[in-house]
1. Checking the structure you have, find out if any residue of region 408-421 is in contact (Cβ under 8 Å) with a residue 24 or more places away in the chain and in contact with a Lys or Arg (Cβ under 9 Å, 6 or more places away or on another chain).
2. Looking at the structure I just gave you, is residue 406 aromatic (Phe, Trp, Tyr), at pLDDT below 90 and crowded, with 20+ Cβ neighbours inside 10 Å?
3. For the subset of region 102-140 comprising residues that are part of a helix (DSSP H, G or I) and among the polar types (S, T, N, Q), which member is nearest to residue 446 (Cα to Cα)?
4. Given the options 11, 22, 44, name the one that is under 14 Å from residue 102 (Cβ atoms) and surrounded by fewer than 14 Cβ atoms within 10 Å (Cβ to Cβ).
5. Taking residue 431 as the residue in question, decide whether it is under 21 Å from the mean Cα position of the chain (by Cα) and either in a loop (DSSP other than H, G, I, E, B) or touching a residue at least 24 places away in the same chain (Cβ under 8 Å) (or both).
6. Anything in region 16-32 that is over 13 Å from residue 424 (Cβ atoms) and assigned to a helix (DSSP H, G or I)? List them, or say none.
7. Return the only residue of 449, 463 being more than 28 Å from residue 18 (Cα to Cα), part of a helix (DSSP H, G or I) and over 20 Å from the mean Cα position of the chain (by Cα).
8. Among the residues of region 376-403, which ones are surrounded by 17 or more Cβ atoms within 10 Å (Cβ to Cβ) and either charged (D, E, K, R) or within 20 Å of residue 186 (Cα to Cα) (or both)?
Amino acid sequence: MTALIDAINNLIWSKALIALCLGAGLYFSIRTRFMQVRGFGEMLRLMRSNKASESGVSSFQALAMSLSGRVGIGNIAGVATAIAYGGPGAVFWMWMTAFLGASTSYIECTLAQIYKEKDAEGRYRGGPAYYIEKAMGQRWYALLFAVVTVIACGLLLPGVQANGIAASMQTAWGIAPSVSAAGIAIALAFIIFGGVKRIATFAELVVPFMALSYILVAVLIMFLNAGKVPEVVALIFRSAFGMEAAFGAVLGLAVEWGVKRGIYSNEAGQGTGPHSAAAAEVTHPAQQGYVQAFSIYVDTLLVCSATAFIILSTGMYNVVAPAGGMIVEALPGLSPGPGFAQAAVESSLPGYGAGFVALAILFFAFTTIVAYYYMAETNLAYLNRQVCRPWMVLVLRLALIAAVAYGTMRSASTAWALGDIGVGLMAWLNIIAILILQKPALLALRDYEAQKKAGKEPGFDPEALGIRNAGFWQRKSP
């Protein structure tokens, strides 16, 4: 079974998907005239918006919901795994994936806002399935994405997060995985049975606190190892381009693992971010495009970089050569995963490191599991549309809780492989779709910038821009 899972994973995550992710990011950066650089100030301004309604959440809540999905086990264990199999150079390619991916995130999240709709309970729903059907007119493709997302977010991806929580808890305090599974399942049930508003409120409170705490500890460790920081930066760049002899054997893997774990962490192009973007109450779709582009920076350039500098500045890592042998001095008993970060923090803050990282992983991973549920539920709502089938939502909730319990008991490699399959399938389907459907998002960007330049409070009239099937906005426009 493990061999079959690995074979499927290798097929999906071929070099073609790596090239597609980087190529699409570069292409969208050029088409948007590098809005991820030009629009940085606007991102910060829009992020502070607290406008909400009975139908939708505020921009900040949508950002927090999105970050709760992006900031997860990938920001700690994922970074450690990328370094272990791709060398320190993998960190550079994670940065590159984030920089280019910010424009990709703008495109997909703006499309989600343009083509969102209200469900039977009056809540905003949207995402790739919705814009594929309305803008592309290919319902079969939309149904395929929705089914894949329900399976990926409801069954495959939660196990990775739960496995990381269990592993870090066992390392820090010797807590058995079965106990961790029970605790996660009970807490998860309380949140997801409370609906989208409870999810948004939970994310708004927890995500900023956990991310800021983790970054502050990373800054403290970098201060304690200040003399090594310039060398760490130089090591990352040398390794990224094969100029570091010790890591020359993994040059190609640096790109592969950097992009692979970068996409897993920041989710740019994967099609997960658009779900929370569509839930926001905004006056123009481009506003959520800006906000969600900023979330890519927070995830990778801040949180992932914090993990990378913690691990590399303390030297608490191993790098595995393609043939399976160690190409740097092995640290006994230290395998790729949360243990890298726990050992690194422990070396600088003895007695606190393992526990602190375990708590960070608990918050990061748990909020991500909650976000996965929201994405799965949104796609289930798409499959149901206006027909309410409460029993299907109940089955999804129970299945996700079971997947979490199962994930804590599986090996880390199997859990990660299943998660990578889910991420890869969604990325293939979504990136191809947004490459075809990009025009409305680009029109929205130009319209928003023109209105801002004219000193107007931006509003959105899809008919005036030649955008069709944007039913929600057509009803709102004058």
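1. Yes: one or more hits.
2. Values: aromatic (Phe, Trp, Tyr): yes; at pLDDT below 90: yes; crowded, with 20+ Cβ neighbours inside 10 Å: no.
So residue 406 does not fit the description; no.
3. Taking region 102-140 and keeping what is part of a helix (DSSP H, G or I), we get 102-114, 128-136, 139-140.
Subset that is among the polar types (S, T, N, Q): 103-105, 110, 113.
Working: 103: 14, 104: 16, 105: 16, 110: 12, 113: 16 Å.
The selected residue is 110.
4. Numbers: 11 fails: under 14 Å from residue 102 (Cβ atoms); 22 fails: surrounded by fewer than 14 Cβ atoms within 10 Å (Cβ to Cβ).
Within the list 11, 22, 44, the selection yields 44.
5. Working: under 21 Å from the mean Cα position of the chain (by Cα): yes; either in a loop (DSSP other than H, G, I, E, B) or touching a residue at least 24 places away in the same chain (Cβ under 8 Å) (or both): yes.
Considered against the rule, which asks whether it is under 21 Å from the mean Cα position of the chain (by Cα) and either in a loop (DSSP other than H, G, I, E, B) or touching a residue at least 24 places away in the same chain (Cβ under 8 Å) (or both), residue 431 comes out as yes.
6. Applying the first criterion (over 13 Å from residue 424 (Cβ atoms)) to region 16-32 yields 19, 22-32.
Correct list: 19, 22, 23, 24, 25, 26, 27, 28, 29, 30, 31.
7. On the way: 463 fails: part of a helix (DSSP H, G or I).
Of the residues listed, the single one that is more than 28 Å from residue 18 (Cα to Cα), part of a helix (DSSP H, G or I) and over 20 Å from the mean Cα position of the chain (by Cα) is 449.
8. 376, 377, 393, 396, 397, 400, 401, 403
The values are calculated or read from the model by the stated rules, or taken from the named source; none is laboratory data. All of these numbers come straight from a predicted model, not from anything done at the bench. Cβ atoms come from the backbone with ideal geometry, glycine included; neighbour counts cover every protein chain shown.
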